[in-house]
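The values are calculated or read from the model by the stated rules, or taken from the named source; none is laboratory data. Here the structure is a predicted model, which is why all the values come from computation and not from measurement. FYI the Cβ positions are ideal-geometry reconstructions off the backbone, even for glycines, and counts take in every protein chain you see.
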Amino acid sequence: MILGCLVMVKHLLYLVLDGVADRVVDPKTTLELAYKPGLDWIARNGVCGMMYTVGKGVAPESDEAVISIIGYNPHEAYPGRGLIEAVGAGMEVREGYEVAFRANFATVDPETLRLIDRRVARSLRTEEARELAKALDGLELGKYDGYARVKATIGHRAVVVIGSRTHKLSPYVSNSDPAYVRKGLMSVAVREFEPYIKPVEPLEESEEARVTAELANIFTRKAVEILDKHPVNIERRKRGELPGNALLLRDAGGSLPSIKKLPEKYGVSFAVLAEMPVEIGIGRIFGADTVELPPPTGNAEKDYSLRLEKTLEALEKYGIVYVHLKGPDEPGHDGDVERKKKSVEDIDKYYVQPFLEKMPSDTAILVTADHATPPSVGAHTDDPVPVALYYPGVEPDSVDAYTEKKCLKGMLGVFEHGWLLLPRIVGIVGLRG
């Protein structure tokens with residue numbers, strides 16, 4: 001069947017559910033277990049398929065996956081996670097003389113740099129992280145006119161910019177975070193690693209990379225010395241909590257990609273609604289109008305209702321509205337099926353179902369994920385994710401529920417790369433500026 005829209009579509013909601021997919025081979029996936037009448041309605045009344053968000057054999061990090069599913073080949077347009085998060089955090093990076101790293105506050109033995117917890121047991125409060133970051137921001141590194149700028153973002157996450165006033169720097173350096181190994185400007189998660197902060201090493205034979213690596217290592221050592229004695233960590237120890245006494249660096253980036261911006265690429269206005277620095281940064285770098293959402297409060301009804309309100313407002317102004325909802329990914333990492341199931345049900349109850357009740361008649365909705373995070377694995381995998389598209393006048397295929405196994409049989413087929421999806425969908429629904 002040739003797909004085509006019979007009714008004028010002026011707006012597209014592109015809804016991405018972070019890590020919602022599991023493995024097709026799992027006996028029961030989260031989407032099969034969850035009660036989600038809204039998502040199932042979209043699948044039953046629309047057309048479905050599956051998508052490898054980057055490609056077969058690639059278990060992507062969120063940043064490269066998001067770049068891919070908005071229509072860009074990340075192997076050509078990826079600027080490094082550190083730079084993306086720096087832009088998302090509102091930091092400017094001086095090209096050539098500064099390099100931005102994504103960072104995690106971590107817990108280490110200050111003498112041996114043995115890792116006790118890479119994320120401070122996910123217990124570091126944002127306000128605590130901000131105090132710790134202030135103690136390091138503007139730190140002089142004592143060599144090569146080097147310095148560091150540090151900004152905490154959400155929870156244990158931060159951005160570290162290593163700079164030099166007189167020496168050029170390069171993002172082609174390795175990570176100090178042992179859980180990620182760099183391949184070019186991208187990183188790949190590794191299952192097993194030695195639990196120690198790794199020395200940052202140059203990945204190219206250049207003076208710029210050598211200087212950058214040396215400055216990053218100086219920063220790491222100085223950061224541990226300062227953070228281990230910080231009042232925030234003294235108080236955390238008194239409460240029986242792990243200290244955030246180190247920063248793990250990964251995914252350096254130093255320059256913006258040369259790309260066609262999203263509104264020009266698709267011929268319509270484009271907005272990104274996101275809460276995390278990585279999605280905010282991608283929106284800004286790739287030319288979308290970016291609406292920052294507050295971090296989740298833990299109250300699902302409040303959080304998703306606010307996101308629904310902002311979505312409906314954006315759809316009045318923009319041709320494509322990209323909405324990235326967190327929730328399913330973290331319990332997938334934790335291997336917690338029940339909590340992942342509940343997160344899917346909360347999104348459906350408080351966001352998807354109310355949206356369908358209020359959806360304007362000239363609007364299409366595309367639902368997918370940025371990657372799979374199966375509780376059976378506890379990490380991102382390269383498994384394909386389900387895709388469902390509803391638009392006015394669509395003739396539905398035979399899929400009757402939004403699950404991996406059922407969408408595999410959908411009319412849209414299997415997209416071998418995420419960057420092929422959105423151009424095809426825009427063509428199917430006939431979206432025009």
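One line per residue, one yes/no per condition, for (1) under 22 Å from K151 (Cβ atoms); (2) in contact with a Gly (Cβ under 6 Å, 6 or more places away or on another chain):
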| site | (1), (2) |
| --- | --- |
| Y266 | no, no |
| V272 | yes, yes |
| I282 | yes, no |
| F286 | yes, no |
| V291 | yes, no |
| P295 | yes, no |
| L306 | no, no |
| T311 | no, no |
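Give the residues of the stretch 140-172 that are assigned to a loop (DSSP other than H, G, I, E, B) and under 24 Å from the mean Cα position of the chain (by Cα), sorted by residue number.
Of everything in the stretch 140-172, those that are assigned to a loop (DSSP other than H, G, I, E, B) and under 24 Å from the mean Cα position of the chain (by Cα) turn out to be T153, I154, G155, H156, S170, P171, Y172.
This table checks each residue for (1) in a helix (DSSP H, G or I); (2) touching a helix residue (DSSP H, G or I) at 6+ places or on another chain (Cβ under 6 Å); (3) modelled with pLDDT of 95 or more.
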{"residue": "G335", "(1), (2), (3)": "no, no, yes"}
{"residue": "R339", "(1), (2), (3)": "yes, yes, yes"}
{"residue": "Y350", "(1), (2), (3)": "yes, yes, yes"}
{"residue": "E357", "(1), (2), (3)": "yes, no, yes"}
{"residue": "D370", "(1), (2), (3)": "no, yes, yes"}
{"residue": "E395", "(1), (2), (3)": "no, no, yes"}
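Restricting to the stretch 398-415, name every residue that is surrounded by fewer than 21 Cβ atoms within 10 Å (Cβ to Cβ), assigned to a loop (DSSP other than H, G, I, E, B) and out of contact with any Pro (no Cβ under 9 Å at 6 or more places or on another chain).
S398, D400, A401, K409
Just checking, does the stretch 38-59 include any residue being under 14 Å from the mean Cα position of the chain (by Cα), assigned to a helix (DSSP H, G or I), at pLDDT below 95 and not hydroxyl-bearing (S, T, Y)?
No, the stretch 38-59 contains no residue that is under 14 Å from the mean Cα position of the chain (by Cα), assigned to a helix (DSSP H, G or I), at pLDDT below 95 and not hydroxyl-bearing (S, T, Y).
Does S176 fit the bill of being part of a strand (DSSP E or B), in contact (Cβ under 8 Å) with a residue 24 or more places away in the chain and either surrounded by fewer than 16 Cβ atoms within 10 Å (Cβ to Cβ) or out of contact with any His (no Cβ under 9 Å at 6 or more places or on another chain) (or both)?
No; evaluated as a whole, the condition is false for this residue.
Taking only the stretch 4-45 into account, find how many residues are over 30 Å from V268 (Cα atoms) and not hydroxyl-bearing (S, T, Y).
13
Which one of R102, R94 is of a type outside the set (S, T, N, Q), in contact with a strand residue (DSSP E or B) (Cβ under 7 Å, 6 or more places away or on another chain), modelled with pLDDT of 95 or more and surrounded by fewer than 23 Cβ atoms within 10 Å (Cβ to Cβ)?
It is R94.
Of the numbered conditions (1) out of contact with any strand residue (DSSP E or B) (no Cβ under 7 Å at 6 or more places or on another chain); (2) of a type outside the set (V, I, T); (3) modelled with pLDDT of 95 or more, K183 satisfies every one except a single condition; which is it?
Of (1) out of contact with any strand residue (DSSP E or B) (no Cβ under 7 Å at 6 or more places or on another chain); (2) of a type outside the set (V, I, T); (3) modelled with pLDDT of 95 or more, only one is false for K183: (3).
Going by the conditions given, is V161 β-branched (V, I, T), farther than 19 Å from R114 by Cβ and in contact with a His (Cβ under 7 Å, 6 or more places away or on another chain)?
When the stated conditions are applied, V161 does not pass them.
Can you confirm whether Y72 is in the same structural domain as E292 (by TED's automatic domain parsing), surrounded by fewer than 23 Cβ atoms within 10 Å (Cβ to Cβ) and in contact (Cβ under 8 Å) with a residue 60 or more places away in the chain?
no
Those residues that are surrounded by fewer than 24 Cβ atoms within 10 Å (Cβ to Cβ) and over 16 Å from the mean Cα position of the chain (by Cα), I need them from the stretch 368-379; list them, please.
P375, S376, V377, G378
Within the stretch 105-148, which residues are surrounded by 18 or more Cβ atoms within 10 Å (Cβ to Cβ), among the acidic types (D, E) and either without any contact (Cβ under 8 Å) to a residue 60 or more places away in the chain or in contact with a helix residue (DSSP H, G or I) (Cβ under 8 Å, 6 or more places away or on another chain) (or both)?
Passing the criteria: only E128.
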